[in-house]
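Read through the structure below, which is laid out as structure tokens, and then see the notes.
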Amino acid sequence: MPLEQNLAHQQTRPLPALTAATDSARLLRLYDVVRSLNSIIYLDQLLVRIVASAAEMMEASGGAVLLIDEDGLNLTFEAAAGGASAQLKGMKVPINERSIAGLVVVRGRPYVENNTIESPFFSGEIDKKTNYVTRKIVCVPLAVQERIIGVVEVLNKVSGDDFDEDDLRLLAALSDVAAVAIENVRLYEAEREKTRLLEQAYGALQKTHGATLKALAGVLDMRDDATHGHSNRVVAFTLKLAETMGIGDPVLLKSIAQGALLHDVGKIGVPDAILRKPGKLTDEEWIEMKKHPEMGYRLLMGIEFLQETLPTVRHHHEHWDGSGYPSGLRGEEIPLEARIFAVADAFDAITSERPYSAARTYEQAAAILREESGTTFDPRVIDAFMKVQPEEWTALRESVMHDLQYASRKDFREI
């Protein structure tokens with residue numbers, strides 16, 4: 001009985017093990033291929049390696065890997081070796097018995113054809129499109145746990161000899177390993193894509209969070225004309241101090257920046273009559289104003305992604321000697337980010353024009369900060385402040401105000 005007829009009668013019985021007649025060099029090559037497939041993590045590279053290795057082991061002039069489309073109706077050429085390989089990529093073959101690849105999927109078993117001219121299953125449609133002449137073909141299914149995901153086929157022995165049973169067994173052995181490798185890489189790529197999408201979504205969420213925080217800080221600045229730009233300036237000043245103190249962790253710097261941006265969020269609960277009062281506050285008004293750190297803390301404490309901002313929001317008015325509010329913390333009981341922010345906040349307040357006080361020079365501000373080192377402020381933070389040159393502080397302020405003016409003009413143009 002001819003080989004192709006013999007195989008047609010095999011139904012879905014597994015092939016026997018590789019026989020002693022199979023050349024030992026081919027077995028060693030198969031072993032090397034199996035090891036190499038497990039090291040590839042990109043599907044395109046894996047499929048190219050599979051078909052190239054199959055053609056080489058079978059000493060054939062061409063070969064291809066076809067995978068079943070998502071709709072389950074067609075096979076698509078995903079990788080090919082031989083003269084028509086470039087043209088084959090992306091071509092489709094219906095899953096039916098009018099092609100040998102389709103036949104193998106439909107019947108779920110290997111097929112060998114050493115005379116395609118007389119084969120009832122070989123249409124020659126692909127050959128017509130590529131000008132390649134397929135005379136002999138061996139095709140086996142790629143199956144994972146009895147689920148067929150595609151086929152691998154090898155065409156035309158270079159010697160002109162027929163494909164025999166050893167060839168078929170060798171290709172079937174390769175396909176068993178290849179199918180598992182394909183499935184593993186697909187799963188890996190799916191996880192990699194999920195990770196990419198999650199990172200993309202996280203990045204978008206972070207941008208949204210950032211925009212929300214800036215908008216909130218902008219609302220606070222708008223409520224108090226005297227402090228326009230204050231939130232943005234103290235963010236820049238606080239980060240400069242933190243970096244000067246040797247803080248380089250980007251996650252920590254981000255939380256410090258967010259805390260500085262939202263430090264006065266509790267002033268949302270302070271009446272305009274107090275917040276926008278041009279003159280000195282009464283004792284009763286000061287009592288209300290001093291509630292804003294605790295108000296800000298309570299406002300943000302339930303927002304998970306803002307937990308790291310809470311120390312600055314709640315404790316930015318604590319004093320090194322314990323005379324501050326709301327908790328009367330002293331020394332290193334005060335969170336470091338709040339101690340750093342307190343110096344940046346005071347520097348901006350001293351050097352900014354306010355209805356109740358004129359803007360003072362850097363020299364005057366530095367003298368005040370130095371005088372209050374060890375009482376109001378952490379001496380280490382004051383030392384860091386003094387290390388920064390006066391022109392750097394000036395440049396930082398001008399840069400922030402320039403950016404705010406540009407953003408304002410840009411927003412106006414986009415309305």
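Between Tyr356 and Tyr42, the modelled labels are 6.5 nm apart [label points 7 Å from Cα along Cα→Cβ].
If you wrap the range 318-366 in the convex hull of its Cα atoms and look at it from every side, the mean projected area works out to 3.9 nm². Taking a straight line from the alpha carbon of Lys267, these lysines sit under 21 Å away, with near neighbours fewer than eight places off in the same chain left out: Lys214, Lys277, Lys280, Lys290, Lys291. Ordered by solvent-accessible area of protein heavy atoms (1.4 Å probe), largest first, the residues Ile247, Ile334 come out as Ile247, Ile334. Label positions at Glu191 and Glu284, each projected 7 Å from the Cα along the C-beta direction, are separated by 6.6 nm. What is the sum of charges, Lys and Arg at +1 and Asp and Glu at -1, for the other residues whose Cβ falls under 12 Å from the Cβ of Ile117? Residues close to Ile117 contribute a combined charge of -1.
Taking label points 7 Å from Cα along the Cα-to-Cβ direction, Arg330 and Glu165 give a separation of 9.6 nm.
The values are calculated or read from the model by the stated rules, or taken from the named source; none is laboratory data. All of these numbers come straight from a predicted model, not from anything done at the bench. Cβ atoms come from the backbone with ideal geometry, glycine included; neighbour counts cover every protein chain shown. Just so you know, the surface numbers come from the protein's heavy atoms only, side chains and all, with ligands and any DNA or RNA stripped out. Shrake-Rupley method; radii C 1.70, N 1.55, O 1.52, S 1.80 Å.
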